[in-house]
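Below is one structure, written out as structure tokens, with a few remarks after it.
The values are calculated or read from the model by the stated rules, or taken from the named source; none is laboratory data. Quick caveat, the model's predicted, so the values are computed rather than measured. FYI the Cβ positions are ideal-geometry reconstructions off the backbone, even for glycines, and counts take in every protein chain you see. Surface accessibility is based on the protein's heavy atoms, side chains included, excluding ligands, DNA and RNA. Shrake-Rupley method; radii C 1.70, N 1.55, O 1.52, S 1.80 Å.
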Amino acid sequence: MSKHPIARTTLSAMIGTPVLDAAGHMVGRVREMTVDAGVDSSHVASVIYKVSGGPERGKLRSVPVQETLWTPAGTFQLAEKAQPQPFVMTEHAGPDSSEAEQNATDHLLLLERDLLDQQIIDVTGRKVVRVNDIELQWEQDGDQPFDQHAEHKLRIADVEIGTRGAVRRLLKGLPAATVNSLACRFAGNSIPWDFVDLIESNPARRVKLKIEGERLSKMHPSDIADILEELAPAERAALFTSLDEETAAETLEEVEPKLQKALVESLEPEQVAGILEEMDPAAAADLLAELPEETSDEILEEMDPEERQEVQELLEFEGTSAAGRMTTDYVSVSVDGHVADAVQALREFEGDTDTITEIYLLDKDEVLMGIIPLAKLVLAEAGSDLKLLAEAHFVSCRVDAASKDLIELFDKYNLRSLPIVDKEKKLAGVVHAEQVIALLRAER
């Protein structure tokens, strides 16, 4: 059955609204509204009101929205079938609470307490915003004209993040018509509730962001990194742990070292190991070098042997040397091979393909013999000899060269990448332009 919209309101307007009994007598005022995220996260589940008179004065009562009647005056009226239940406004259940208490708390969201002033992520806008108000929509079953006694629902329509919502809250308590007249002078700025990605309660803090991985995975890691930097530590950890390992790895490479360390230290060693295995080995080594040795060793112990060896080798180099800036993720083939061999090596490469601009030719002792630009390889016939495609001259750098030497070489030869060789001219790794850019930024 379709839902017919009746009227639109806001949470700030509803808080303090009179609650009437079935006979029309005032019994209290709205104190809160709840959402049961485990049942229906898009509609208000119940209304919490404070009793205004009699022996129960000051106590809280909870009544399901379905047991209330919507009135054109904007008040709540209890239906004859309504059976309000006592309600205790407590913090979230702690670790010593019973399983039933924890389950109930995990699903129950109090709109004013748990949402207003909280930071949420606008996935479409790629930014962190603060909730100023919540827009609600009364709905009636079917498409018939308004019937006060038909079943109604109160849908959460939008989250207001702009000035209009802030004005409504600032003027809360004044006549509704006055508040609406003043608030409407300001432009609204809201996010549809479906895009807030919401929300489940958490014993450790008021709100935990529950972000759909599919939406986040479509965002650029730099945008996710920007969002992480804007969030408070608890929300930051909640977001980061919601990412899959590949996205987490790409994002971790984009954040500042201090924040990298904070994020990693909030996770278990096996979780960090899984993320580091997806990172560029050089970036992983740089991160581990910033951690206490004991922590770094625990993480390395959890990594797969092959990835662990690569990272450990890089950790042995001085961070200020060329070797300390290089990555071991590159594509190399035999100098005696053919174009088809290079294409196959590219297909089997498991690193970040966006960084590959050149193919490196090695002899049987892994000595660097030549470089082929990727564009040149693509245009060649599959059976062509690779050595015939190599550049006439190429530039390389020793592992012990200083960072300033790297910068000078990239500047002088307008390089996109630079092979790093040991004293026997064996290829040890590659420095990409992005590493040099990061170096320049760090030296500002």
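Data table
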quantity: Any chance residue 298 is open to solvent by 80 Å² or more (accessible area, probe 1.4 Å), touching an Asp or Glu at 6+ places or on another chain (Cβ under 7 Å) and modelled with pLDDT of 90 or more; calculated: no
quantity: Helices (runs of 4 or more DSSP H) (entirely within region 339-444) containing at least 2 residues that are surrounded by 12 or more Cβ atoms within 10 Å (Cβ to Cβ) and touching a Ser or Thr at 6+ places or on another chain (Cβ under 6 Å); calculated: none
quantity: Residue match in region 348-361 (condition: in contact (Cβ under 8 Å) with a residue 24 or more places away in the chain and over 36 Å from the mean Cα position of the chain (by Cα)); calculated: yes
quantity: Any hit, region 244-254, residues being buried (at least 16 other Cβ atoms within 10 Å of the Cβ), modelled with pLDDT under 75, within 10 Å of the chain's Cα centre (by Cα) and not in a loop (DSSP other than H, G, I, E, B); calculated: no
quantity: Residue among 425, 364, 376, 387 that is closer than 17 Å to residue 331 by Cβ and more than 42 Å from the chain's Cα centre (by Cα); calculated: 387
quantity: Which numbered condition residue 273 misses (of (1) of a type in the set (Gly, Ala, Ser); (2) under 19 Å from residue 432 (Cβ atoms); (3) buried (at least 21 other Cβ atoms within 10 Å of the Cβ)); calculated: (2)
quantity: Filtered residues of region 162-175 (kept if assigned to a helix (DSSP H, G or I) and either crowded, with 16+ Cβ neighbours inside 10 Å or of a type outside the set (A, V, I, L, M) (or both)); calculated: 163, 164, 165, 166, 167, 168, 169
quantity: Conditions (1) in contact (Cβ under 8 Å) with a residue 60 or more places away in the chain; (2) open to solvent by 40 Å² or more (accessible area, probe 1.4 Å): number failed by residue 56; calculated: (1)
quantity: Residue in region 295-305 that is in a loop (DSSP other than H, G, I, E, B) and either more than 25 Å from the chain's Cα centre (by Cα) or basic (Lys, Arg) (or both) present; calculated: yes
quantity: For residue 275: the one exception among (1) in a helix (DSSP H, G or I); (2) within 21 Å of residue 316 (Cβ to Cβ); calculated: (2)
quantity: Odd one out for residue 31, checked against (1) at pLDDT 90 or above; (2) in contact with a Phe, Trp or Tyr (Cβ under 8 Å, 6 or more places away or on another chain); (3) open to solvent by less than 30 Å² (accessible area, probe 1.4 Å); calculated: (3)
quantity: Residue 230 vs. criteria in contact (Cβ under 8 Å) with a residue 40 or more places away in the chain, under 24 Å from residue 120 (Cα atoms), of a type outside the set (A, V, I, L, M) and surrounded by fewer than 17 Cβ atoms within 10 Å (Cβ to Cβ); calculated: yes
